[in-house]
Amino acid sequence: MQDYVGIEIGGTKLQLLRANERGEIQEACRLGVKSVEGAGAIRTEIERVLPRLLGPGRVAAIGVGFGGPVDWKTGRIRRSHQVEGWSEFDLGAWLKHLAGIPVFVDNDANVAALGEAVRGAGAGCSPVFYVTLGSGVGGGLVVDGRIYHGQPPGEAEIGHVRLDRSGTIVENRCSGWAVDARIRELKSRHPDCPLARLAGETVGGEARHLRPALDRQDPVAWQILRETAEDLAFALSHVTHLVHPEIIILGGGLSLVGEPLRAAVEAALPEFVMDAFGDGPRVALSGLGQDAVPVGALELARGRLHAQPCQKG
């Protein structure tokens, strides 16, 4: 039985998994990333950790989910919005030289969508649309078990869909940092509300206090949730009208708000969807959580390797 390695390279974390053909994880390595140290520091960590995951036994291929636009056909990075030193770097060729086996690279949201479609909340569904709500907002579309690719270097870029003609994009309203900013603004006007007390003097990462405040029935927290969910549902109505997915999956750090966010998005979506589509697609939370990208990378490696034409000797 062949094994595969899946790698997630993001702006805040580096994850490497080794799994067998059935997707059973044999070994995992999860590391934090300091964006100020640049891409070179991340490559040094990969050089340090990868040999351990490659042996013993045979690893057939490596899959990578990268946090930014990539040319999936060549494995070359187009750019990173968070970490300097990745732009135009040939990640696929570098890893292939390092490991001596086939390497397949794709955008992290695409790869997470694949993981969810094959082994997560979207298993058995098609099309599957995945949206990641983290430091940015990304999207991926999987149809019949395969990532949908438009013209390089990007596709399904829901984070850059405009919400109005003035240029407000989904990322401006629904990313983690956007919700952080909204919490800071509202807690200055409502300093005694549960959300403000939970957030305290925190600057950055305030969104993690949203769920505890919701559990305390804080009206300010519920206001933020409704506004965020309505903005996201409006954006997802465009996805629905264009590709009508069977399921929409919410992932990323903000999805840890959990069922209140899922239910609010699902409730708001029908308002923006044409009557012929009824209530629109089912909305679900990620089934793979923080492992969506590396598990998807494993599936990317397995699927792309098997899809390659056999080489004649």
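The values are calculated or read from the model by the stated rules, or taken from the named source; none is laboratory data. Fair warning: this is a prediction, and the values are worked out from it, not measured in the lab. Cβ atoms come from the backbone with ideal geometry, glycine included; neighbour counts cover every protein chain shown.
Entry remark, region 220-243: residues being over 21 Å from C193 (Cβ atoms) and more than 20 Å from the chain's Cα centre (by Cα) number 2 in total.
Going by the structure shown, is R58 within 22 Å of A19 (Cβ to Cβ) and basic (K, R)? Yes: the conditions hold for R58. Considering region 1-25, and only residues there that are crowded, with 17+ Cβ neighbours inside 10 Å and free of Cβ contacts under 8 Å to residues at least 60 places away in the same chain, the residue that is nearest to R43 (Cα to Cα) turns out to be L14. Once region 148-173 is narrowed to residues that are touching a Gly at 6+ places or on another chain (Cβ under 8 Å) and not in a loop (DSSP other than H, G, I, E, B), the residue that is surrounded by the fewest Cβ atoms within 10 Å (Cβ to Cβ) is I169. Residue count for region 90-137 under the criterion of being hydrophobic (A, V, I, L, M, F, W, C), farther than 14 Å from I7 by Cβ and in contact with a Lys or Arg (Cβ under 7 Å, 6 or more places away or on another chain): the result is 0. Exactly one residue among G140, G115, G63, G122 is part of a loop (DSSP other than H, G, I, E, B) and of a type outside the set (A, V, I, L, M), and that residue is G122. Does G85 count as at pLDDT 95 or above and small (G, A, S)? Here the answer is no, as G85 does not meet what is asked. Every residue in region 21-44 that is in a helix (DSSP H, G or I) and among the β-branched types (V, I, T), please. Residues satisfying the conditions are V36, I42, T44.
Given the structure, is I183 touching a helix residue (DSSP H, G or I) at 6+ places or on another chain (Cβ under 9 Å), closer than 29 Å to D291 by Cβ and modelled with pLDDT of 95 or more? Write out each step before concluding.
Working: touching a helix residue (DSSP H, G or I) at 6+ places or on another chain (Cβ under 9 Å): yes; closer than 29 Å to D291 by Cβ: yes; modelled with pLDDT of 95 or more: no.
No.
Inspection of region 196-218 identifies at least one residue that is in contact with a Phe, Trp or Tyr (Cβ under 7 Å, 6 or more places away or on another chain) and either surrounded by 18 or more Cβ atoms within 10 Å (Cβ to Cβ) or in the same structural domain as V243 (by TED's automatic domain parsing) (or both). Against the numbered list (1) among the basic types (K, R); (2) over 19 Å from A112 (Cα atoms); (3) surrounded by fewer than 18 Cβ atoms within 10 Å (Cβ to Cβ), R30 comes up short only at (2). For beta carbons closer than 9 Å, sequence separation of 6+ or different chains, a first residue in region 249-270 that is without any contact (Cβ under 8 Å) to a residue 24 or more places away in the chain and a second that is of a type in the set (F, W, Y) and in a helix (DSSP H, G or I), the qualifying pairs are P270/F277.
Going through (1) acidic (D, E); (2) modelled with pLDDT of 95 or more; (3) out of contact with any strand residue (DSSP E or B) (no Cβ under 9 Å at 6 or more places or on another chain) one by one, D90 falls short only on (3).
When E84 is tested against (1) surrounded by fewer than 22 Cβ atoms within 10 Å (Cβ to Cβ); (2) within 16 Å of L298 (Cβ to Cβ); (3) more than 19 Å from the chain's Cα centre (by Cα), exactly one condition is not met: (2).
Can you confirm whether S87 is assigned to a loop (DSSP other than H, G, I, E, B), free of Cβ contacts under 8 Å to residues at least 24 places away in the same chain and of a type in the set (S, T, Y)? Yes, satisfied.
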